[in-house]
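Asker: One structure, pasted below without further comment.
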Amino acid sequence: MCNDNTVDKLKNEFHYTLSKFSHEIRNPLTLISSGLQMIASAHPEVQDYKQWDDIMDNLDYVKELLNEFSTFNNAGRINLTSTDTGTYLKTILSSVKPTLDYLDIQLDTDIPDSLPIMMLDQIRIRQMLLNLLKNAWEAVPVPGGKISFSVRLKNPGICIDIRDNGCGISPEQQAEIFQPFFTTKESGTGLGLPVVKQVVEAHDGSISVESAPDHGTVFHIFLG
Ligand code: ADP
Ligand code: MG
């Protein structure tokens, strides 16, 4: 049996190894990226090769993977600050509204006026909500996509429901979605929901999902 100190030490070593590993990949990747840009500006005709776009897409994918990997590695470490929850949540939703308008997706919000002041890690909770909203907008039909974001007061704490009218998640997939690298998307990383879960649990909260294929999905997030 490991005691708490040993577990903490192992966790720290694991985080350190992952961040060192990401760093070691990021440096040569940056060189490859700028090298390719220089080749393209000196010899624009290379961009006519069919493979060029594939190379660029793969490069973007690996960059995205590294960014999400780094978020995943740090998601469990939180820095709590006293937060005016209502104002904070409304600001996050205003920041995604232009993207949803652009994608022609309807966003309905229901945030009560008198939400409590809560101790939250504002960067991580924002990341967590954006991951859930992004999954929702990637799942909904276009046109006709709808997402609703509603908050209910619990005593203590709050429950946030993020609902969409998207493709839904089968019961078999629901068992896998919080596992790192599980994805059904062509260029998904499968790290969005594992980050969500870590952030929620680091706040001593909980998350559950209700979904059925072709009937949409709702994620319930409880923060105490
Ligand atoms: P990614 O978005 O990179 O695939 P995530 O961890 O964010 O990784 O999500 C994992 C998988 O869970 C998705 O590929 C998708 O199959 C499923 N999923 C998550 N949210 C939704 C949603 N709102 N509607 C339908 N499927 C979803
Ligand atoms: Mg995602």
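The values are calculated or read from the model by the stated rules, or taken from the named source; none is laboratory data. Everything numeric in this text was worked out from a predicted model, so none of it was measured. Neighbour counts are summed over all protein chains in view; Cβ atoms, including those assigned to glycine, are modelled from backbone coordinates with ideal geometry. With ligands, DNA and RNA removed, areas are computed over all heavy atoms of the protein, side chains included. Shrake-Rupley method; radii C 1.70, N 1.55, O 1.52, S 1.80 Å.
Asker: Name the residue that is modelled with the lowest pLDDT, counting only residues in segment 153-173 that are of a type in the set (S, T, N, Q) and open to solvent by 50 Å² or more (accessible area, probe 1.4 Å).
Answerer: The first filter runs over segment 153-173 and keeps only residues of a type in the set (S, T, N, Q), leaving 155, 165, 170, 173.
Remaining after also requiring open to solvent by 50 Å² or more (accessible area, probe 1.4 Å): 155, 165, 173.
Numbers: Asn155: 83, Asn165: 98, Gln173: 97.
Of everything passing the filter in segment 153-173, Asn155 is modelled with the lowest pLDDT.
Asker: Hey, does segment 2-16 have a residue that's modelled with pLDDT of 90 or more and loosely packed, with under 12 Cβ neighbours inside 10 Å? Talk me through it step by step, then tell me what you get.
Answerer: Narrowing segment 2-16 to residues modelled with pLDDT of 90 or more: none.
Checking segment 2-16: not a single residue is modelled with pLDDT of 90 or more and loosely packed, with under 12 Cβ neighbours inside 10 Å.
Asker: In the list Val209, Val200, Val218, Val195, which residue meets the criterion of being within 11 Å of ligand 1 (Cβ to nearest atom), in contact (Cβ under 8 Å) with a residue 12 or more places away in the chain and crowded, with 19+ Cβ neighbours inside 10 Å? Explain how you work it out, then say what you get.
Answerer: Values: Val209 fails: crowded, with 19+ Cβ neighbours inside 10 Å; Val200 fails: within 11 Å of ligand 1 (Cβ to nearest atom); Val218 fails: crowded, with 19+ Cβ neighbours inside 10 Å.
Only one candidate passes the filter, namely Val195.
Asker: Give segment 140-152 a look and list any residue that's in contact with a strand residue (DSSP E or B) (Cβ under 6 Å, 6 or more places away or on another chain) and open to solvent by 60 Å² or more (accessible area, probe 1.4 Å), or say none.
Answerer: Here is the first cut: in segment 140-152, the residues in contact with a strand residue (DSSP E or B) (Cβ under 6 Å, 6 or more places away or on another chain) are 140, 146-152.
Within segment 140-152, Lys146, Arg152 qualify.
Asker: Can you name the number of the only condition in (1) under 24 Å from Phe72 (Cα atoms); (2) touching a residue at least 40 places away in the same chain (Cβ under 8 Å); (3) within 15 Å of ligand 1 (Cβ to nearest atom); (4) open to solvent by less than 30 Å² (accessible area, probe 1.4 Å) that Asp121 fails?
Answerer: Tallying (1) under 24 Å from Phe72 (Cα atoms); (2) touching a residue at least 40 places away in the same chain (Cβ under 8 Å); (3) within 15 Å of ligand 1 (Cβ to nearest atom); (4) open to solvent by less than 30 Å² (accessible area, probe 1.4 Å), Asp121 fails exactly one: (3).
Asker: Now for a different question. Let me confirm something: among Ile162, Ile177, Ile158, which residue is away from ligand 1 (no atom under 12 Å from the Cβ) and closer than 29 Å to Arg77 by Cβ?
Answerer: After ruling out the rest, the residue left standing is Ile158.
Asker: How many residues does segment 136-173 hold that are outside any strand (DSSP E or B) and basic (Lys, Arg)?
Answerer: Restricting attention to segment 136-173, the residues satisfying the condition of being outside any strand (DSSP E or B) are 136-145, 154-157, 165-173.
Those still in the list that are basic (Lys, Arg) too: 154.
Qualifying residue count, segment 136-173: 1.
Asker: Can you pull out the residues in segment 174-192 that are within 12 Å of ligand 2 (Cβ to nearest atom), more than 22 Å from Gly145 (Cβ to Cβ) and open to solvent by 80 Å² or more (accessible area, probe 1.4 Å)?
Answerer: Scanning segment 174-192 gives a single hit, Phe181.
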